[in-house]
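Colleague: I'd like to ask some things about the structure below.
Computed from the coordinates by the stated procedures, all read-outs in this text should not be read as laboratory data. Note that the structure is predicted; figures quoted are calculated from it, not measured. Positions of Cβ are generated from backbone atoms using ideal geometry, with glycine treated the same way; all protein chains shown enter the neighbour counts.
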Amino acid sequence: MSFAVSGDAYDRFMGRYSRRLAPAFADFAGVEAGQRVLDVGCGSGVLTEELAGRVGAEQVSGVDPSPLLAACAERVPGAELKQGKAEALPWPDDSFDAAIAQLVIHFMDDPAAGVSEMARVTRPGGVVAASSWDFSGGMEMLRLYWETARELDHDLSGESRSFGNLEELDALWRELGLEDVEAGPLEVSAGYQDFDELWGTFLLGVGPAGEYVVSLPADRQETLREEYRRRLGEPTGALTLSARAWAARGRVPA
């Protein structure tokens, strides 16, 4: 399992990006006081914490299939958390004012079924929203990593779960009959004190990128490291990497 890691490991690898994305994504989804909100694929609780700050922890629910759910419970005490998958949400119809999924839809086994479930548990007029990194060019840290890995390993497909570009998200929301559909980019960035800090986050084994690198023998890890550093411009000090997410939202028909 790519996310059978500690909450701290996730936060050091991807959390530095998702923490910056969470407020922008919550704004995009229109989350505000008075709502009951579901965080689908809540993981270590980065978005869950942002939602709790807006509506109160008692008004937030979260679901995730991974052991990261324990980190979410520590981060957001008082939130209702359940183990489960997006394709079979353990709540009745019309339970929430909004169901949102940050950086999760490309990991769903069946994105259409997952978003349909999100719509089912959201009341008529409520919002269903999701975001995914722009893997084709806008997520600098992962794009350059997978380009490097594929150059060195021609049998590697790279980031295989790539559903979630702008056109796919927009089309799926419309195909499922959601109304007032909007889709667009959300831009963030994250900093590292040096390249060693950046590379060290891959060695934590988080997600497909981390899972791949820790599976390599030491000599191939070192080759990947040096080529990745070269593609980043051989940074010698602090560096900042940009990241673009695509986001879609729509309303459940009345």
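Colleague: Using 1/(1 + (r/R0)^6) with R0 = 30 angstrom and r between the beta carbons of Glu80 and Arg12, what's the FRET efficiency to the nearest 0.05? Could you put the intermediate results ahead of the total?
Modeller: Working: r = 27 Å, r/R0 = 0.90.
Rounded to the nearest 0.05, the efficiency is 0.65.
Colleague: Run the dipole for region 1-63 about the Cα centre, Lys and Arg Cβ at +1, Asp and Glu Cβ at -1, nothing else charged, and hand back the magnitude in debye, nearest 20.
Modeller: Values: 6 positive and 8 negative charges, 35 e Å.
In debye, rounded to 20, region 1-63 gives about 160.
Colleague: Could I ask something else about it? For the chain, build the charge dipole from Cβ charges (+1 Lys, Arg; -1 Asp, Glu) around the Cα centre, then report which of Ala4, Ile105, Val40 sits farthest towards its positive end.
Modeller: Toward the positive end, the furthest listed residue is Val40.
Colleague: Pick from Ser132, Ser66, Ser44 the residue whose mean-square fluctuation is largest in a GNM of the chain, springs joining Cα atoms under 10 Å.
Modeller: Maximum fluctuation in the GNM of the chain, among the listed residues, is at Ser66.
Colleague: Once phi is turned into ³J(HN,Hα) by the Karplus curve 6.51 cos²θ - 1.76 cosθ + 1.60 with θ = phi - 60°, what whole-Hz value does each residue of region 183-190 show in order, with x for glycine and proline?
Modeller: 9, x, x, 10, 10, 9, 8, 9
Colleague: Here's another thing I want to ask about it. Could you give the size of the charge dipole of the chain about its Cα centre, using +1 on the Cβ of each K and R and -1 on the Cβ of each D and E, expressed in debye and rounded to the nearest 20? Write down the numbers at each step before the final one.
Modeller: Details: 23 positive and 42 negative charges, 60 e Å.
Here the chain has a charge dipole of around 280 debye.
Colleague: Averaging sequence separations of C-alpha pairs under 8 Å and six or more residues apart, then dividing by the length of the chain, give the relative contact order as a whole percent. Walk me through the numbers on the way to the answer.
Modeller: Working: 527 pairs, mean separation 55.9, N = 254.
Answer for the chain is 22 percent.
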